[in-house]
Structures are given as structure tokens and as C-alpha cells.
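The values are calculated or read from the model by the stated rules, or taken from the named source; none is laboratory data. These numbers come from a predicted model, not from an experiment. Note that each Cβ is placed from the backbone with ideal geometry, even for glycine, and that neighbours are counted across all protein chains shown.
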Amino acid sequence: MEVRVRYAPSPTGLQHIGGVRTALYNYFFARSQGGKFILRIEDTDRERYSDESLQDLYDTLEWLGIKWDEGPVVGGPCGPYIQSERLELYQKYARQLVEDGKAYYCYCTPERLERLREEQAASKSRYQGYDRHCEHLSEEERRAAEAAGIKPVIRLKVPTEGSTTFHDVLMGDITRKNRDVSPDPVLLKSDGYPTYHLANVIDDHLMGITHIMRAQEWIPSGPLHILLYQAFGWEPPVYCHLPMVCGKDGQKLSKRHGDTAVRDFRAKGYLPEAILNYVTLVGWSLDGNREFFTRQELEKCFVLENIHVSSGTFDYKKLDWFNGQYIRMKSDDEIVELITPYLQKAGYISQDVTPEERRTLALLAPPLKERMKVLSDAVPLSAFLFHDEPCTDKAQYIAKGMDEKTTKEAFLHGSDILIEGEKAGKDFSALEEEIRALADQMGIKVNGIFQPIRVAITNSTVSLPLHDSIALLGLEETVRRIDRAKALFDQEV
Ligand code: GLU
Ligand code: ZN
């Protein structure tokens, strides 16, 4: 039997970490089983639909390198793959259920349903929900309602006795009493649109879906879906509800924790390789040890059995670490390509990169590669090179455990060693040794010397390695900046 799985997002918001993880698991599972990965757009909620969300879905999957075998754009034998283009199908199947006595037309007006809700609330009745008023309408009553121009909905008959069980690969059997399943839910709305449940079940069946991997929040819908499969006389697929993605506090990942939209990660300069790798590990592991996987490797080794049962933690720091690792795996040329748009946006280099800018980029790439966590770090880390703004806040120059007086002394002697050494073409490691010796002699930490030099040259306490900064700026400019900072210290002390 060929494995057929689907990712079935509703284009009502940006693709977020949790959704993308669902897409990845489906995709990797399909690939590892030699099956098919189907993309289906569940866009029947017209109020919340947006073109932007749909575009964001396509962009995100493309950016991650996830290709679907069947779906919008590429087509396939079970199309169309956009639910709003399948309305007639849902209507046909819903009518079929009515004919088979598994569903019925309901003509209740919104006013009646509202009154019912109020009454139930007031009487604190154990029985909540639709009262099955229209289940046994007579033919005349039906006709009268039609004649009055009321457009009916179609409701599923949910059995009042017994219980419904479905099996989940990770969670085992999940059973619910039928009387706890929402009474007679709407399958087809009066405007001819299906509800999520109807469209979802019909499509999974018609598209030959063998395994359903989706977020755990859909578990409550499980019994109703099974009842629908039974009503149609269809075999349900295998279920595998995925553990939640949580923040470090154990709560479901949300904007409170930080970015959740993949688009925002991308804008900050996370690499698709890092997102794909790390997000897959939130809730899945091969052997509990191995951390690095390429997309191609996951396409081979992803198995359902290794999905964790308990929720996964999305750790932003860990993602940063992964991203840094993937940045360091890039070639210098690739880094140049990757940082260019960020430096252009900052106005540091021109839109049409000049040969001179290209040379600068080539020099910048290697030290940046070692320091960046995200590509946008290239902007603050290289700012010193593109615009000269002296740091006039003395406190910035003063390292922990130092004061103004010792800083001035450390700065004067340390920068002398550095400048003279650079002029003489000495090896940087030799200069570092000399500066270390100076620190020992002064009884201070070496950062007491490096920090003022760093701030003088780059106007920042975090920067590229000093040696690289000096090489990028040129010795003349470096000396100028150091002298300028010295003047600042000369003023008062
Ligand atoms: N359209 C649903 C969603 O956005 C699909 C749920 C499912 O996979 O069945 O999550
Ligand atoms: Zn009714």
C-alpha cells in the first residue's frame, strides 16, 4: 500500500513553527516510505481567509525546499486541491448522507437556535447544543419551510447511545461516549459551504490519504470524524496526532515566547537548513543523540515510531546555536551572497554592488561567519566599517572591574603596543601576548585593555575580532580613531 499523507493548512494566518513542523513530519514520512506528500488548502472559512496567508504558505515551503507531489500549482489525479473549488462535491456527498438516513436537513432559524442556547444556559441543563428539532420533520413541515424560503443546513445524526473509539499511533485508543460528541453538528452550511469536518473527511477519503498527522488539538474532532467515516461506509486512515510545541515554560508556543511566524525568522536571517533541522527535532529524534540532519537525510530516516509522545520544547537559544553552526558551514562566497541584502537594506552598500564593495564583502565574510548567530547580525557587526561614529560615552570604554583612571592607562599603553606592532607587521598572536603581559603587570584582566581599544575602533563592546577589524579599517583609520578616543580621555582625568 502506498503511503499518502497531506498537509492541510487553512490560509488564515502566517505559517508558524508548529504548522511547519506538521508539514515537515508529513513530508519526511512520505519520502522515507516512498509515498506521496499532498498539499491541500482548507479555505472554506471565507471570513478568515487571506491571500497573504496563502502566499506565505507557498513561500515558506519553497524556502524550506519542501515540494509537494500533488496539490495546488502542480495538480494531480485527485484535484482540485483547494477546498473552495470542490463545493459541489461536498454538497453531493452531504445529500447522499441525507438520502441514506445518516443526516438531515435543518431549517432552524438563527433566532431559534439563539433562544435554545439561552434556555439551556438558564436552566443549567446538562444537555447543551442542538436539540435535534428537525430530525423528524414531516414532509409537509419541510415543504413549508422551503416555501418560506428558508435555506437549510445539513446535520449529521450522531448516535445517542454507545461510544466511538479511534486508534492513534502515539496515544493508543481514544474513546468518547457518543452523547458527549457535539449533538448533530452541521456538515453543510446554508450557503452551500461545508464545515471543516465534512470537507476534511471527504477529501482525506477521496485523496486516498493513508495516514493523518496533525496537531494534537484536533484529537477532540477524532470521534466525530470516525462517525462520519462510518456514515459514509468508508475506512478511516491511520491517525498520528503530533505532540504540542511548547515554549520553555511548558505552555503552547505563542507570540508571548517570541517569534512564531517562519517569515519573521527568515527576515532575521535564520537559514532554512537550521529551521528545518531544529524544528524537526522538537518532538522527534533518531536515537536521542544525533543532532545534525540535512533535509536529504531526514527524507531517508524519518519514521513515525520516533515521534515523541510528550510535548516538545522550542528553545530559541538552541535554534540560535543551530543557526550559528549552519552559518559556519557556509563557504565565504555563500556568506557574501547571504549578507548582501542585509547590508543593502542598512544602506551600507549600494543596490548594484560595486567591485570595491565586493572586495570589502569578501574581507568581511570570514570574520562575520565566525561571529553571526543570524545573518542580520552582519549589520551591527560591520557598522563600524560603513559609518564612523565615535563613542563619546566614557562608561562604554571601561570594562568590568576597571575605573576611568586605570582604563586610561590600559588604553594608552595597550593601543601603543597594538599600533606599533601592527606597523612593524608583527604577528597578531605575538601582540596579544604582549598585551596579556601588560595586563598581568598592571594586575588587571586583559579585557580591561581590549575593551577600550575595541570601543575606540568599532564603537561597540561586541565586535569582530580586533585583528580583523583593524585589517578591514586599515591602519591609518584605526590610528585616527584611537587618537580620537585618547583625546576623550585626555579631557578631564
Ligand atoms: N485545516 C486544518 C488546520 O488548519 C487541518 C487539520 C487537519 O489536518 O485535519 O489545521
Ligand atoms: Zn433544526
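When you check ALA30 against the structure, is it within 16 Å of ligand 2 (Cβ to nearest atom), in contact with a strand residue (DSSP E or B) (Cβ under 6 Å, 6 or more places away or on another chain) and modelled with pLDDT of 95 or more, yes or no? So ALA30 fails the test. Yes or no: GLY401 of a type in the set (Gly, Ala, Ser), under 47 Å from the mean Cα position of the chain (by Cα) and within 20 Å of LEU488 (Cβ to Cβ)? For GLY401, the condition - of a type in the set (Gly, Ala, Ser), under 47 Å from the mean Cα position of the chain (by Cα) and within 20 Å of LEU488 (Cβ to Cβ) - is not met.
Residues are listed down the side, and each one gets a yes or a no for (1) within 12 Å of ligand 1 (Cβ to nearest atom); (2) among the polar types (S, T, N, Q); (3) closer than 19 Å to PHE265 by Cβ; (4) buried (at least 20 other Cβ atoms within 10 Å of the Cβ):
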site: GLN15; (1), (2), (3), (4): yes, yes, yes, yes
site: GLY18; (1), (2), (3), (4): yes, no, yes, yes
site: PHE37; (1), (2), (3), (4): no, no, no, yes
site: GLN55; (1), (2), (3), (4): no, yes, yes, no
site: GLY65; (1), (2), (3), (4): no, no, yes, no
site: ASP69; (1), (2), (3), (4): no, no, no, no
site: PRO72; (1), (2), (3), (4): no, no, no, no
site: GLY76; (1), (2), (3), (4): no, no, no, no
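Looking only at the range 452-493, count how many residues are part of a helix (DSSP H, G or I) and over 37 Å from the mean Cα position of the chain (by Cα). Residues in the range 452-493 being part of a helix (DSSP H, G or I) and over 37 Å from the mean Cα position of the chain (by Cα): 24 in total.
Considering the range 179-201, and only residues there that are modelled with pLDDT under 95 and touching a helix residue (DSSP H, G or I) at 6+ places or on another chain (Cβ under 9 Å), the residue that is farthest from ARG86 (Cα to Cα) turns out to be ASP180. Comparison of ILE327, ILE417 shows that the only residue that is of a type outside the set (D, E, K, R) and under 28 Å from ARG484 (Cβ atoms) is ILE417.
Per the listing THR195, THR175, the residue uniquely touching a strand residue (DSSP E or B) at 6+ places or on another chain (Cβ under 7 Å) and within 16 Å of ligand 2 (Cβ to nearest atom) is THR195. Tell me which residues, restricted to the range 415-433, are of a type outside the set (A, V, I, L, M) and crowded, with 17+ Cβ neighbours inside 10 Å. Within the range 415-433, SER415, GLY421, GLU422, GLU432 qualify. Would you call LEU412 surrounded by 20 or more Cβ atoms within 10 Å (Cβ to Cβ), out of contact with any His (no Cβ under 7 Å at 6 or more places or on another chain), part of a helix (DSSP H, G or I) and not charged (D, E, K, R)? Spelling it out, it is not the case that LEU412 is surrounded by 20 or more Cβ atoms within 10 Å (Cβ to Cβ), out of contact with any His (no Cβ under 7 Å at 6 or more places or on another chain), part of a helix (DSSP H, G or I) and not charged (D, E, K, R). Might you check whether a residue that is away from ligand 2 (no atom under 16 Å from the Cβ), part of a helix (DSSP H, G or I) and under 18 Å from the mean Cα position of the chain (by Cα) occurs anywhere in the range 63-77? Taking every residue of the range 63-77 in turn, at least one turns out to be away from ligand 2 (no atom under 16 Å from the Cβ), part of a helix (DSSP H, G or I) and under 18 Å from the mean Cα position of the chain (by Cα).
Considered as a group, the residues in the range 115-155 that are closer than 17 Å to SER190 by Cα and away from ligand 2 (no atom under 13 Å from the Cβ) include one that is surrounded by the fewest Cβ atoms within 10 Å (Cβ to Cβ), and that residue is GLY149.
Given the structure, is TYR7 within 13 Å of ligand 1 (Cβ to nearest atom) and under 20 Å from LYS300 (Cβ atoms)?
yes
Among all positions in the range 373-394, there is at least one residue which is among the hydroxyl-bearing types (Ser, Thr, Tyr), farther than 30 Å from LYS330 by Cβ and assigned to a loop (DSSP other than H, G, I, E, B).
Screening the candidates GLY18, GLY13 for the property of being under 20 Å from the mean Cα position of the chain (by Cα), assigned to a loop (DSSP other than H, G, I, E, B) and not aliphatic (A, V, I, L, M) yields one hit, GLY13.
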